[in-house]
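Notes follow the structure.
The values are calculated or read from the model by the stated rules, or taken from the named source; none is laboratory data. Note that this is a predicted model, so its numbers are computed, not measured. Positions of Cβ are backbone-derived with ideal geometry, glycine not excepted, and every protein chain shown enters the neighbour counts. When the accessible area is computed, the model is the full protein with side chains, heavy atoms only, and any ligands, DNA or RNA have been set aside. Shrake-Rupley method; radii C 1.70, N 1.55, O 1.52, S 1.80 Å.
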Amino acid sequence: MAAMPEADLVMQGGGVKGIALIGAVEVLEEHGYTFHRVAGTSAGAIAASLVAAGIPAQQMVKILKEADYERFQDGSWWDNTLIGKVVGLVTHNGIYRGNYLRSWLSEQLTTYGTYGKTGTFADLAYQDPDPEHHPLPMERQFRLIVATSDISSGQLRYLPWHYPAFGKDPSGELVADAVRTSMSIPFFYRPVRWTTKDGQPTWFVDGGMLSNFPIDVFDAPPGVKPRWPTFGIMLGSKPDANLGVTNPVKGTLSFGFALLRTMTGFYDRMHIGSDDATDRTIFIDTGKIRTTQFDLSPTDRDMLYQNGRTAAENFLNGVDGRPGWDFQAYIDKNRS
């Protein structure tokens, strides 16, 4: 009996377009893949946490198709007025609180997670199958990595790897709290404030500010042959998909949101530079869907899901002159 194919997985951020990621994951599962470790940024961190918790792809599809995304824009009625938004930006550096997102994710993890029901990183403990030859530090023995931007120190943080810098025990920390730091879309969500173990305040915003696609986070050192692949899943659009989509600027607030949409749209359309990354990445066309388009229609959701499935099938089986996935061919070309 053939062994089940194994992989690590890295997923790009993209706001409400995360259902496309799960469409691709579903196809990988249907082809027999199991995942050792999973990393993600922003919406990719939400999807990654669900995968790392061992939730079957079909259940993840149901979760994201039925999610009430408009509730992710949480706050009082005042926060949704023009004046309230301005006050939120001035006083909290962001409009929406992000509390609903955090509680919603915790509920999914504790309800459907197969490795534990605490919602903490203790549920996601990871032991390398060959620990003698591939030892991992204690802070890295987890199935999930969340990428977040520490703007106070100007560096990318990987949680739970960097929890000790804040005097935190990774096993006791809620997964949803880590994901919330990576979901702090500038202007849109309030940034998250922590304190280092030395007492210095630290502010976190969307991980995509520094690395929206940390494809190399699980890579073996140079000269060491990888035991299994790291697949990447990118959300984006065709080069002409945003033609006709404008961001009218009529004042300071609209300027800020135009800046945000342009920035996040660039992340989502960005192509990978190296063959090493391109050859192992599933690229999903997400059309004209915006990162913060929280009023997704059922048709939009189904389009994203189906495009995710199609992209993964094309990646594995080959399409338009591009051969299907071949791990040995990838190693010979990029890791010899």
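Among the residues of segment 195-221, those identified as assigned to a loop (DSSP other than H, G, I, E, B) and farther than 24 Å from ASP8 by Cβ are THR196, LYS197, ASP198, GLY199, GLN200.
Given the structure, is GLY287 in a helix (DSSP H, G or I) and open to solvent by less than 30 Å² (accessible area, probe 1.4 Å)? Can you show your working first?
Details: in a helix (DSSP H, G or I): no; open to solvent by less than 30 Å² (accessible area, probe 1.4 Å): yes.
Taking the combined requirement at face value, the residue does not satisfy it.
Quick check on my filter: what residues within segment 28-87 are modelled with pLDDT under 95 and in contact with a Lys or Arg (Cβ under 8 Å, 6 or more places away or on another chain)? Answer for segment 28-87, where residues must be modelled with pLDDT under 95 and in contact with a Lys or Arg (Cβ under 8 Å, 6 or more places away or on another chain): ALA43, LEU64, LYS65, ASP74, GLY75, ASP79. Among the residues of segment 120-152, those identified as of a type outside the set (Val, Ile, Thr), open to solvent by less than 60 Å² (accessible area, probe 1.4 Å) and under 21 Å from SER184 (Cβ atoms) are PHE121, LEU144, ALA147, SER149, ASP150. Please list, ordered by first then second residue, the pairs with beta carbon atoms under 7 Å, 6 or more apart or interchain, first in segment 118-143 and more than 26 Å from LYS225 (Cβ to Cβ) and outside any loop (DSSP other than H, G, I, E, B), second open to solvent by 80 Å² or more (accessible area, probe 1.4 Å) and not aliphatic (A, V, I, L, M). Matching pairs, first to second residue: ASP123/TYR115; LEU124/TYR115.
Counting only residues that are under 24 Å from SER103 (Cβ atoms) and open to solvent by 50 Å² or more (accessible area, probe 1.4 Å), give me the helices (runs of 4 or more DSSP H) lying completely in segment 1-87 with at least 3 of them.
Details: elements: 18-30, 43-52, 57-66.
Output list reads 57-66.
One line per residue, one yes/no per condition, for (1) touching a residue at least 40 places away in the same chain (Cβ under 8 Å); (2) more than 25 Å from PHE187 (Cα to Cα):
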{"site": "GLU30", "(1), (2)": "no, yes"}
{"site": "LEU64", "(1), (2)": "yes, no"}
{"site": "SER76", "(1), (2)": "no, no"}
{"site": "TYR96", "(1), (2)": "yes, no"}
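One residue alone among GLY232, GLY208, GLY251, GLY256 is buried (at least 20 other Cβ atoms within 10 Å of the Cβ), modelled with pLDDT under 90 and within 28 Å of PRO191 (Cα to Cα), and that residue is GLY208.
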